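Beneath this line is the structure, given in structure tokens, with notes to follow.
The values are calculated or read from the model by the stated rules, or taken from the named source; none is laboratory data. Owing to the predicted nature of the structure, the values given are computational and were not obtained by experimental measurement. Glycine also receives a Cβ, built like all others from the backbone with ideal geometry; neighbour counts cover every protein chain displayed. SASA here: full protein model, heavy atoms, side chains in, ligands and nucleic acids out. Shrake-Rupley method; radii C 1.70, N 1.55, O 1.52, S 1.80 Å.
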Amino acid sequence: MNQKVSAITDSHADVPNGSGAAALLAAGIGCFALAVLAVAGDASPFLKCLLIFYRPTGPLSGVTTVTLLVWLACWAILEQCWRKRTVALGRVSTIALALLGMSLLLTFPPIADLF
Amino acid sequence: MEFTTRGLWTLIHGMGFGALYLLACSGALVELTRLSRRDADAPISRSDEIFLTAYLITMAALAWATVLTGTYIIYPWYRAVAPPGTTNLAAFPQLLLKSSPATIAWHSIGMEWKEHVGWLTPIATTMAAAIQIRYGRHLKNHPQLRAAVLCFVLAAFFAAGIAGFFGAMLDKHAPVEGGSLIRLSHGESQ
């Protein structure tokens, strides 16, 4: 009985890092997708029109909606592939943080205007 | 003492959801750091684990509420197009800012940055909450994951700070006003 209670309370104890890595990398990809779409929408009038999903909000509606779809799709796929695995977290977190850093830079208008 | 419905929405977006998120963010950073710096053998109690999970879920909800009200309720009023021949641009904040060289950068840098960078916050915070739900107190056994989550929460704090700062400055230079009037009290004339 005690063993059963212990197993329930410690159900997270042996969770492999794959699930966390999937969430982390998907968040990095989602943030980067937002920045890339914002820059692309600003640079291309065609894409700008294409990204107007809700006219009062303009292209920002498309940028954010597509970003959410990319982020959630990546998360679902990576979770499916990695949830039972232990992955090289150092490499995954480096990539995720690099993507996050690039998105912070790319959303800064003077840098975005270079493209 | 009165304000407009649009003014009320900016208040809910900025002073309500946004400011609460920023306040909560500093608390989350402290709590995540505190838990990760504990002695490896010191157990993290179930109540601490539940508290941090609930705290991060609340933060994610606040972040989503902030960006959704900002993008879909307030931003359309901000970027409204004035009919031809309009001389008083008070009801058209974007055009008002762009009409003067002294204020145009509040739009071209402030709003252009704020409208995009703010969206990094709910993504990063939701990820942090999801990882906390999945790993709970055992997150301390995954130091690289914990460090990466802390970095994302820090970046979310930074992004929310930028959005909050420019939101306040934009509201100072070209407030989003309009809609019906809400009167809180009648003053007496002196």
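General remarks:
- Of residues in the range A:44-63 being within 13 Å of another protein chain (Cβ to nearest Cβ) and of a type in the set (A, V, I, L, M), the one surrounded by the most Cβ atoms within 10 Å (Cβ to Cβ): A:V63
- Test: residue in the range B:67-86 that is over 30 Å from B:H138 (Cβ atoms) and among the basic types (K, R): yes
- Those residues of the range B:97-111 which are surrounded by 13 or more Cβ atoms within 10 Å (Cβ to Cβ) and not in a helix (DSSP H, G or I), in sequence order: B:S99, B:T103
This table checks each residue for (1) facing chain A (nearest Cβ under 7 Å); (2) over 17 Å from B:G161 (Cα atoms).
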position: B:A105; (1), (2): no, yes
position: B:S108; (1), (2): yes, yes
position: B:E112; (1), (2): yes, no
position: B:V117; (1), (2): yes, no
position: B:L120; (1), (2): yes, no
position: B:K140; (1), (2): no, yes
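- Verdict on B:I57 being at pLDDT 95 or above, out of contact with any strand residue (DSSP E or B) (no Cβ under 9 Å at 6 or more places or on another chain), on the phi < 0 side of the Ramachandran plot and open to solvent by 20 Å² or more (accessible area, probe 1.4 Å): yes
- Residues of the range B:147-157 satisfying the condition of being crowded, with 19+ Cβ neighbours inside 10 Å and more than 18 Å from A:M102 (Cβ to Cβ): B:V149, B:V153, B:F157
- Residue selected from the range A:76-100 under the condition free of Cβ contacts under 8 Å to residues at least 40 places away in the same chain, open to solvent by 30 Å² or more (accessible area, probe 1.4 Å) and within 11 Å of another protein chain (Cβ to nearest Cβ), by the criterion farthest from B:A124 (Cα to Cα): A:A88
- Scanning the range B:140-163 for residues being touching a Lys or Arg at 6+ places or on another chain (Cβ under 8 Å) and touching a residue at least 60 places away in the same chain (Cβ under 8 Å) gives a total of 3.
- For the range B:122-138, filtering for residues that are more than 7 Å from chain A (Cβ to nearest Cβ) and over 15 Å from A:G30 (Cβ atoms) leaves 3.
- Subset of the range B:18-38 (residues that are in contact with a Leu (Cβ under 9 Å, 6 or more places away or on another chain) and over 18 Å from B:W64 (Cβ atoms)): B:L29, B:E31, B:L32, B:T33, B:L35, B:S36
- Flag: B:T125 matches the condition of being hydroxyl-bearing (S, T, Y) and assigned to a helix (DSSP H, G or I).
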